[in-house]
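Q: Dropping the structure in here first, questions after.
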Amino acid sequence: MSLTAGIVGLPNVGKSTLFNAITNSQVLAENYPFATIQPNVGVVEVPDYRMEEFVKIFQPKKTIYTTFEFTDIAGLVKGASKGEGLGNQFLANIRQTDAIIHVVRCFDDSNIEHVEGSVDPIRDIEEINLELCLADLDTIENRYGKIAKKAISSKDVEAMKEVKVLEKLKIALQEGTSIRLLDLVEEEKSFVRNYGLLSFKPVIYIANMSEEEISDPFENHYYQAVKAFADKENSQCIAICAKIEEELSALDKEEKAAFLEDLGIRQSGLDQIIKAAYHLLGLRTFFTVGEPECRAWTFHEGMKAPQCAGVIHTDFERGFIRAEIYSYEDLLEYRTEQAVKEHGKMRLEGKEYVMKDGDVVFFRFNV
């Protein structure tokens, strides 16, 4: 299930520093625009407190967390939609992602140049959003030119429906409105999904601030502005200090916990970002557990038991018989699978069962 979130932003806002922290790798993060020419991809574990409990109970020989993919995309600049600053290449890289992690600079530092000459997070957000809208407008106008002729000449019903959708999208994009903000019915969305529009992708805003301010983000007036902007469009806003996150990524679990406690922070920004991106894309987790291995598996919300069996192996889906399932909460309460069974909490589910986040499952199949 290879879904990926692209990390975007203007040059020198902390994108590559954040990516270094996410992947614990050394990506070029110099103080000049276009330091990152090719996109860098990193796969990270999705933090899950439930796995820690499974390890305590089963003492497995192997523990495997579910994963999520991030792509570090070089800084966009004004005119990217017209090819400025290698814009065409960068926009193409964004097009390959499923969600956007939009990093915004929320700190003052005279030693780190801002590409616009001053710090203004809302201006920066609107600049990138506009570039995405302009790129989408080109896509829509090209499609409109092709489909409108067909609709007029053949009176094709589907073509006429699509023309109406394209006209609606075109007006919004000309006004600089991201497609994800439009109130679209499902039939309209089915057309939109085929266009690969950048401004239709879900967004999480990351307010990158200084080490001194991260313990109380609301004291930072830049963060307040970004949070209000995100709330207005029903997006999530997460406050981080990318520099601290990079330092944290080099520590082991105990050292990391102590460092966070000293900073007065309950959860690292990275953990928040990974979890938020995972859930933003409708991803959920089921588990297979036992002494040999405890493992987390990713599935799309709404998937049924046979489909989830297929996540493990296609033979499991093809020969699916039934699934033996109980919840993480039941295991947490009764501590052993035998006790879960004795209390009647283990269920047999068939092909129509819709899997739930936190389900612990054993699939029975026959091929």
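Q: By DSSP, what percent of the beta bridges with both residues in the chain are antiparallel, rounded to the nearest 5?
A: Here the antiparallel bridges make up roughly 50 percent for the chain.
Q: What does the extension gain come out to for Ser210 and Lys155, with contour length at 0.36 nm per residue minus their alpha carbon separation?
A: 13.9 nm
Q: If you wrap segment 136-236's Cα atoms in a convex hull and average its projection over all directions, what's the area in nm²?
A: Seen from a random direction, the Cα hull of segment 136-236 projects 7.6 nm² on average.
Q: Expressed as a rounded percentage, what relative contact order does segment 111-194 have, with Cα pairs under 8 Å and six or more residues apart? Present the calculation step by step, with values, prior to reporting the outcome.
A: Working: 43 pairs, mean separation 25.3, N = 84.
Worked out over segment 111-194, it gives 30 percent.
Q: Given the options Ile265, Ile206, Ile100, which has the most mean-square fluctuation in a GNM of the chain, springs set between C-alpha atoms less than 10 angstrom apart?
A: Ile265
Q: Can you tell me which of Leu332, Leu248, Leu130 moves the most in a GNM of the chain? Springs connect C-alpha atoms under 10 Å apart.
A: Looking only at Leu332, Leu248, Leu130, the largest GNM fluctuation is found for Leu332.
Q: What number, in percent, do you get for the relative contact order of segment 196-274 if the mean sequence gap of Cα pairs under 8 Å and at least 6 apart is divided by its residue count?
A: 32 percent
Q: Now for a separate question. Solvent-accessible area per residue for the chain at a 1.4 Å probe radius, Å²?
A: That works out to 49 Å² per residue.
Q: I'd like to know which of Ala305, Ile273, Leu331 lies farthest towards the positive end of the charge dipole of segment 272-344, counting +1 on Cβ of Lys and Arg and -1 on Cβ of Asp and Glu.
A: Sorting the options by dipole projection puts first Ile273.
Q: Further question: Nearest 20 debye, what's the magnitude of the dipole of segment 123-241 about its Cα centre given +1 on Lys and Arg Cβ and -1 on Asp and Glu Cβ?
A: 1000 debye
Q: Ok, one more. Using helices alone, I'd like the mean residue ellipticity at 222 nm for the chain: each DSSP H run of four-plus residues gives -39500 (n - 2.57), total over residue count, nearest 500.
A: After summing the helix terms and dividing by the residues of the chain, the value is -13000 deg cm²/dmol.
Q: Pick from Glu246, Glu324, Glu187: which residue has the top mean-square fluctuation in a GNM of the chain where Cα pairs under 10 Å get a spring?
A: Comparing Glu246, Glu324, Glu187 in a Gaussian network model of the chain, the most mobile one is Glu187.
Q: Something else about it: Can you give the FRET efficiency to the nearest 0.05 for Ile312 and Val55, using r as the Cβ-Cβ distance and R₀ = 22 Å?
A: Working: r = 20 Å, r/R0 = 0.91.
That pair, Ile312 with Val55, gives E of 0.65.
Q: Percent relative contact order of the chain, based on C-alpha pairs within less than 8 angstrom and at least six residues apart?
A: Reported as a whole number, the value is 19 percent.
Q: Another question, if that's okay. How much length, in nm to one decimal, is gained on full extension between Ser110 and Glu293, taken as 0.36 nm per residue of separation minus their Cα-Cα distance?
A: 60.8 nm
Q: Kindly rank 193-199, 251-257, 346-352 from highest to lowest mean number of other beta carbons found within 10 Å of each residue.
A: Numbers: 193-199: 17.4, 251-257: 10.9, 346-352: 13.3.
Packing proxy ranking, top to bottom: 193-199, 346-352, 251-257.
Q: With point charges of +1 on the Cβ of Lys and Arg and -1 on the Cβ of Asp and Glu, referenced to the Cα centre of the chain, which listed residue (Tyr353, Tyr65, His343) lies farthest in the positive direction of the dipole?
A: Tyr353
Q: Debye sum, Cα scatterers, the chain, no solvent: what log₁₀ I/I(0) at q = 0.11, 0.12 1/Å?
A: Computed log10 I(q)/I(0) values: -0.88, -1.00.
Q: Between Leu181 and Thr67, what length comes free when the chain is fully extended (0.36 nm per residue of separation minus the Cα-Cα distance, one decimal in nm)? Don't skip to the end; give the middle numbers.
A: Numbers: separation 114, 0.36 × 114 = 41.04 nm, distance 2.87 nm.
Here the segment from Leu181 to Thr67 would lengthen by 38.2 nm.
Q: Another one. Cα centroids of segment 245-303 and segment 131-210: how far apart, whole angstrom?
A: 34 Å
Q: Among Val226, Leu184, Ile206, which residue has its Cα positioned farthest towards the positive end of the charge dipole of the chain, with +1 placed on the Cβ of Lys and Arg, -1 on the Cβ of Asp and Glu, and the dipole taken about the Cα centre?
A: Leu184
Q: Could I ask something else about it? Could you tell me what percent of the accessible area of the chain is made up of carbon and sulfur, with a 1.4 Å probe and every protein chain present? Before the final figure, lay out each step's value.
A: Values: 8740 of 18090 Å².
Carbon plus sulfur share of accessible area: 48 percent.
The values are calculated or read from the model by the stated rules, or taken from the named source; none is laboratory data. Not measured: the values here are computed from a predicted model. So basically every Cβ, Gly included, is an ideal-geometry build from the backbone, and we count neighbours across all protein chains shown. The protein model used for the area step is the full one, side chains on, heavy atoms only, and it has no ligands, DNA or RNA in it. Shrake-Rupley method; radii C 1.70, N 1.55, O 1.52, S 1.80 Å.
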